[in-house]
Amino acid sequence: MYVDKPARVRAQVTAPGLRAMKARGERIVALTAYDYSFACLVEAAGVDFVLVGDSLGMVVQGRPTTLPVTVDDMVYHCAAVARGLQRALLVADLPFLSDVDAATAVRNGGRLLAEGGARMVKIEGAGHRLAAIEAMVGHGIPVCAHLGLTPQSVHALGGYRTQGRDEAAARAILEQAHAVERAGASALVLECVPDALAATISAELAIPTIGIGSGPGCDGQVLVSYDMLGITPGPRPSFSHDFLADGGSIAAAIKAYADAVRAGSFPPARDPA
Ligand code: KIV
């Protein structure tokens, strides 16, 4: 039997809830997490969307790309993060080649929900992934799409660089964005696309866009937590910001990030590329 929850329990962020946030004009705060203790901090800071990204291959495992990350790796980290969350929506990446066809994507997406405790999965690209998105949604697996710079295709793209700079490429990304929405995606991560393109996509889609390196015109923002805390060795991506360097504790840095995204002060507007 279903009973009402006590009033003091804040409602969980859900897949349909993300769309409602966009409709209300509420900016979505997203951040990556890879373990239980950090998940407790992001939960306490009120982050809406917690991504167990396959970026863990680079920042946790020290690999040169995200390609070696396995579904087992994702399930392991996802289950750890799930233990620290109550309200936040837990989203897990489908790693490289875990989505080679629709049936494989359903099986692996299903593992991330059933074994990892995720409540949404993220899939990079469009093309043949549209069938995978439709199949997962058809099996009750909420999906976040990911377009622009898709790190699993780093070798095909020739490096980690902004996508959609010329008119034809921008049009292709806009078309892909409409296609993933039609296929049933509940949200769309836009990584490293020009600010104007991200703003156009955000205005045209009903589902929320979550930007990273795509300017302030998206409906939400995501950062790799190790970048925004200055943990990642080497140079930080230019669009990121070290919120810990501004002073205080890790908890205060996450709160400052969440406040800046909600206030619209992060990320700042950039000159057109
Ligand atoms: O893997 C990841 O952390 C991601 C974000 C960069 C969006 O996909």
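The values are calculated or read from the model by the stated rules, or taken from the named source; none is laboratory data. These numbers were taken from a predicted model, which means no experiment stands behind them. Cβ: placed from backbone, ideal geometry, glycine included. Neighbour counts: every protein chain shown. Protein only, heavy atoms only, side chains kept; ligands, DNA and RNA dropped before computing areas. Shrake-Rupley method; radii C 1.70, N 1.55, O 1.52, S 1.80 Å.
Listed values, structure above:
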{"quantity": "Evaluation of Ser238 against (1) within 13 Å of the ligand (Cβ to nearest atom); (2) surrounded by fewer than 23 Cβ atoms within 10 Å (Cβ to Cβ) (one fails), failing number", "calculated": "(1)"}
{"quantity": "Filtered residue count, the range 241-264, keeping only those that are assigned to a loop (DSSP other than H, G, I, E, B) and touching a Pro at 6+ places or on another chain (Cβ under 9 Å)", "calculated": "2"}
{"quantity": "Total residues in the range 245-263, condition open to solvent by 20 Å² or more (accessible area, probe 1.4 Å) and either at pLDDT 95 or above or under 15 Å from Thr32 (Cα atoms) (or both)", "calculated": "9"}
{"quantity": "Matching option when the condition is out of contact with any Asp or Glu (no Cβ under 9 Å at 6 or more places or on another chain) and either within 16 Å of the ligand (Cβ to nearest atom) or open to solvent by 20 Å² or more (accessible area, probe 1.4 Å) (or both), among Ala126, Ala114", "calculated": "Ala114"}
{"quantity": "Considering residues of the range 215-228 that are within 11 Å of the ligand (Cβ to nearest atom) and among the aliphatic types (A, V, I, L, M) only, the residue surrounded by the fewest Cβ atoms within 10 Å (Cβ to Cβ)", "calculated": "Val224"}
{"quantity": "One residue from Leu197, Leu147, Leu174 being outside any helix (DSSP H, G or I) and in contact with a helix residue (DSSP H, G or I) (Cβ under 8 Å, 6 or more places away or on another chain)", "calculated": "Leu147"}
{"quantity": "Subset tally (residues that are more than 15 Å from the ligand (Cβ to nearest atom), out of contact with any strand residue (DSSP E or B) (no Cβ under 7 Å at 6 or more places or on another chain) and open to solvent by 40 Å² or more (accessible area, probe 1.4 Å)) for the range 21-61", "calculated": "9"}
{"quantity": "Residue that is part of a loop (DSSP other than H, G, I, E, B) and β-branched (Val, Ile, Thr), where the choices are Thr104, Thr162", "calculated": "Thr162"}
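To keep it simple, each residue is scored yes or no on (1) within 19 Å of Thr65 (Cβ to Cβ); (2) within 16 Å of the ligand (Cβ to nearest atom); (3) open to solvent by 30 Å² or more (accessible area, probe 1.4 Å); (4) out of contact with any Lys or Arg (no Cβ under 8 Å at 6 or more places or on another chain).
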residue	(1), (2), (3), (4)
Arg161	yes, yes, yes, yes
Asp166	no, no, yes, yes
Ala185	no, yes, no, yes
Thr200	no, no, yes, yes
Gly213	yes, yes, no, yes
Gly230	no, no, yes, no
